[in-house]
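So the structure is just underneath, and the comments pick up after that.
The values are calculated or read from the model by the stated rules, or taken from the named source; none is laboratory data. Everything numeric in this text was worked out from a predicted model, so none of it was measured. Cβ placement follows ideal geometry from the backbone for every residue including glycine, while neighbour counts extend to all protein chains displayed.
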Amino acid sequence: MSRTKNYKKLALSLLLDGVGFLSFVFPGIGEFTDIIWAPISAYIMTKLYKGQQGKIAAGISFLEEAMPGLDVVPTFTLMWFYTYVFSSNKDNAKTIKSKKSLI
């Protein structure tokens, strides 16, 4: 995936986390909106991030949105960093090591 697509996914992740934060704007009503947003956010997470990691992130996203007071956790953005910053570096390190062993 190109860097441009990665950063578009980051922007989308920030936007989706912002939607999750909106429940704080409407005290009392926010908890009701979290009930609606929790399964939607989990579904979107599975579409953004495929495989087992996406499924786990979707479960975490669902719980984070469904539990009162946990909306401050930016689940989509954290998943983006995990996928494209932390995991990518590990993959790059393996590639570098394997290239060194061939030399």
For region 6-55, give me each residue that is among the hydroxyl-bearing types (Ser, Thr, Tyr), surrounded by fewer than 17 Cβ atoms within 10 Å (Cβ to Cβ) and closer than 14 Å to Leu78 by Cα.
Tyr7
Taking first residues from region 66-81 that are without any contact (Cβ under 8 Å) to a residue 40 or more places away in the chain and on the phi < 0 side of the Ramachandran plot and second residues anywhere that are aliphatic (A, V, I, L, M) and part of a loop (DSSP other than H, G, I, E, B), the pairs with Cβ under 9 Å that are 6 or more apart or on different chains are none
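Mind listing just one residue for me: the one in region 20-76 that is of a type in the set (Asp, Glu) and farther than 20 Å from Leu10 by Cβ and, of those, modelled with the highest pLDDT?
Of region 20-76, the ones of a type in the set (Asp, Glu) are 31, 34, 64-65, 71.
Next cut, farther than 20 Å from Leu10 by Cβ only: 31, 34.
Numbers: Glu31: 75, Asp34: 85.
Going through the qualifying residues, I end up with Asp34.
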